[in-house]
Amino acid sequence: MFDDRARIHVQAGRGGDGSLHFRREKHVPKGGPDGGDGGPGGDAVLVADPDLRDLSSFRSKRRFKAGDGGPGRGALKHGASGEALELRVPVGTQVLDEDGQLIADLASPSARVVVARGGIPGRGNKRFATPTRRTPRFAETGLPGEEASLELRLKLLADAALVGLPNAGKSSLLRRISNARPKVAEYPFTTLAPVLGTVDAPDGTRQLTVADVPGLIEGASEGVGLGHEFLAHLERANLLLHVIDAAVDGIDERWRTIDAELAAYGAGLDSRQQAVVLNKIDLRTDTPPFGIDDPRIVRVFRVSCATGQGIDELKRELFELCPPQPTPTAEGDDLVDFLVYRPRPEGRRFRVLRTDRGYRIAGEVPDDEEELAAALKAAGARKGDEVEVDGEVLEFQ
Ligand SMILES: Nc1nc2c(ncn2[C@@H]2O[C@H](COP(=O)(O)OP(=O)(O)OP(=O)(O)O)[C@@H](O)[C@H]2O)c(=O)[nH]1
Ligand SMILES: [Mg+2]
């Protein structure tokens, strides 16, 4: 089983109550107020963990709560901070709110996002003492933490994804080029869940990830067969490796069948660059013909996963077709703890970066202040935190 969706409910911790207390010492009959503040409630945080494969850990448990802040005590003792709730999710998990709005994309290892902020603690009575009110007989109570119902959607991050009809030899190819060992069999729909494989460059300097996705058939984009659910995992691959069984005729027609499904699914799959892999050439005596002329097709390989013919060349060229991707941390000198973006209708993006001093807005700064504030809140910014926007340091309100 492979879970690429989950619905969860998170509740951040409540802020601790402030203390109502007066100093009591042996020889001081009536001391002044000394009630300390409560501790802040724990945040609910999602963290991308490269060791997780899917979202199945959320199958049995869906409701989570962070720790409450402790109450303040006498002698100005602060309450303990509530323990943060850290939920681990696989890299590539997108977080959507109840309205289906994308809140965060945990697209790099150890990326993190605060999805519900801990409650503000109450202040102890000492804070309310003034020259005219020497003995405040009240203290604040802590505020409840935020809660959120979230949808998690995993979209695998791979440099290239294998597509093709069932039985074309996609899993056989992944076994040939990567460390993954997906099941291979002579019947269709052998692969039931996506598998990621790591491909080592021949010179050992780089690695690529390649995703094997269950076979697509005509109508997949409308939900026929298994493919539709998994088409989402192709969205983030820069290159599609379209595998075709070249042992039987009608290669061009089968290419068109799959291409029509990609177009019907949308999400840009129909404009993605493709390398066509004509497989099973060991079963033919001639060179399999391929007559499609399409600008998206950057390369046509003729291989046999059975004998290994053409595989080394494919592997080598794969690295040329998938240039190294800039990592999010390469963007600035700041320590990036997490990355959040909210795509806008026009598709423009900005990012909220956490720095060692506060937050920094990178990319196009939105005109809409509310949008910016919402993204900062989602990133965990609190009132008074430093936010750097266009080189200017502001205080988050
Ligand atoms: N002769 C020959 N058989 C091959 C070759 N590549 C794959 N096969 C066979 O084709 C069948 C299907 O291979 P798979 O790798 O399971 O195909 P798939 O595309 O992953 O299939 P699904 O997971 O069902 O979508 C298996 O019986 C393989 O042994 C090849 O190059 N030559
Ligand atoms: Mg397979």
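The values are calculated or read from the model by the stated rules, or taken from the named source; none is laboratory data. All figures in this text were calculated on a predicted structure; none of them were measured in a lab. Neighbour counts run over all protein chains shown; Cβ positions are idealised from the backbone, glycine included.
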Per the list (1) among the β-branched types (Val, Ile, Thr); (2) touching a Gly at 6+ places or on another chain (Cβ under 6 Å); (3) at pLDDT 85 or above, residue check on THR141 breaks on (3)
Of (1) at pLDDT 90 or above; (2) touching a Phe, Trp or Tyr at 6+ places or on another chain (Cβ under 9 Å), ALA220 fails just (1)
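Checking the structure you have, find out if any residue of region 27-34 is surrounded by fewer than 21 Cβ atoms within 10 Å (Cβ to Cβ) and not in a loop (DSSP other than H, G, I, E, B).
The answer is yes; a qualifying residue exists.
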Determine which member of the set ARG88, ARG53 is in a loop (DSSP other than H, G, I, E, B) and either within 29 Å of ASP105 (Cα to Cα) or basic (Lys, Arg) (or both). ARG53
Take THR198 and decide whether it is more than 16 Å from ligand 1 (Cβ to nearest atom), within 22 Å of GLY36 (Cα to Cα), of a type in the set (Val, Ile, Thr) and surrounded by fewer than 20 Cβ atoms within 10 Å (Cβ to Cβ). no
Identify all residues within region 303-326 that are over 21 Å from ASP159 (Cα atoms) and crowded, with 19+ Cβ neighbours inside 10 Å; write none if there are none. SER304
What are the residues in region 129-140 that are of a type in the set (S, T, N, Q) and either touching a Pro at 6+ places or on another chain (Cβ under 9 Å) or part of a helix (DSSP H, G or I) (or both), if any? THR130, THR135
Please go through region 126-150 and give me each residue that is of a type in the set (D, E, K, R) and closer than 25 Å to ARG14 by Cβ, ordered by number. LYS126, ARG127, ARG137, GLU140, GLU146, GLU147
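Among the residues of region 156-179, count how many are within 30 Å of ALA66 (Cα to Cα) and modelled with pLDDT of 85 or more. Spell out the reasoning first.
Of all residues in region 156-179, those within 30 Å of ALA66 (Cα to Cα) come to 156-157.
Imposing the further condition that a residue be modelled with pLDDT of 85 or more reduces the set to none.
Qualifying residue count, region 156-179: 0.
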LEU150 versus (1) modelled with pLDDT of 80 or more; (2) touching a helix residue (DSSP H, G or I) at 6+ places or on another chain (Cβ under 9 Å): which is the lone unmet condition? (2)
Here's a check for you: in region 292-317, which residue that is without any contact (Cβ under 8 Å) to a residue 40 or more places away in the chain and near ligand 1 (Cβ under 10 Å from one of its atoms) is nearest to VAL199 (Cα to Cα)? GLY310
Of all the residues that make up region 234-249, how many are acidic (Asp, Glu) and in contact (Cβ under 8 Å) with a residue 12 or more places away in the chain? 2
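Output the residue which, of all residues in region 151-169 that are part of a strand (DSSP E or B) and not charged (D, E, K, R), is farthest from VAL47 (Cα to Cα). Working first, answer last.
Of the residues in region 151-169, the ones part of a strand (DSSP E or B) are 151-154, 160-163.
Subset that is not charged (D, E, K, R): 152, 154, 160-163.
Values: LEU152: 12, LEU154: 13, ALA160: 25, ALA161: 25, LEU162: 28, VAL163: 30 Å.
Among them, the one singled out is VAL163.
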Among the residues of region 179-186, are any in contact (Cβ under 8 Å) with a residue 24 or more places away in the chain, of a type in the set (A, V, I, L, M, F, W, C), more than 7 Å from ligand 1 (Cβ to nearest atom) and closer than 17 Å to PHE2 by Cβ? yes
Filtered residues of region 240-258 (kept if surrounded by fewer than 20 Cβ atoms within 10 Å (Cβ to Cβ) and part of a helix (DSSP H, G or I)): ILE251, ASP252, GLU253, ARG254, ARG256, THR257
All but one of (1) away from ligand 2 (no atom under 15 Å from the Cβ); (2) surrounded by fewer than 21 Cβ atoms within 10 Å (Cβ to Cβ) hold for GLY124, so report the exception by its number. (2)
In region 74-102, residue farthest from the chain's Cα centre (by Cα) [restricted to those that are surrounded by 17 or more Cβ atoms within 10 Å (Cβ to Cβ) and within 27 Å of ASN125 (Cβ to Cβ)]: GLY74
May I ask you to list the residues in region 170-184 that are near ligand 2 (Cβ under 8 Å from one of its atoms) and assigned to a loop (DSSP other than H, G, I, E, B)? PRO182, LYS183, VAL184
Scanning for something in contact with a His (Cβ under 9 Å, 6 or more places away or on another chain) and either among the basic types (Lys, Arg) or in contact (Cβ under 8 Å) with a residue 24 or more places away in the chain (or both), does region 83-102 turn up at least one residue? yes
Residue pairs qualifying under the 6 Å Cβ cut-off, at least six apart or on distinct chains, with the first in region 53-70 being under 18 Å from GLY145 (Cβ atoms) and the second being of a type in the set (Asp, Glu) and in a loop (DSSP other than H, G, I, E, B), are GLY67/GLU83
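Here are ARG206, ARG153: which of them is under 20 Å from the mean Cα position of the chain (by Cα) and more than 16 Å from ligand 2 (Cβ to nearest atom)? So that I can check it myself, show each step before the final result.
Values: ARG206 fails: under 20 Å from the mean Cα position of the chain (by Cα).
Within the list ARG206, ARG153, the selection yields ARG153.
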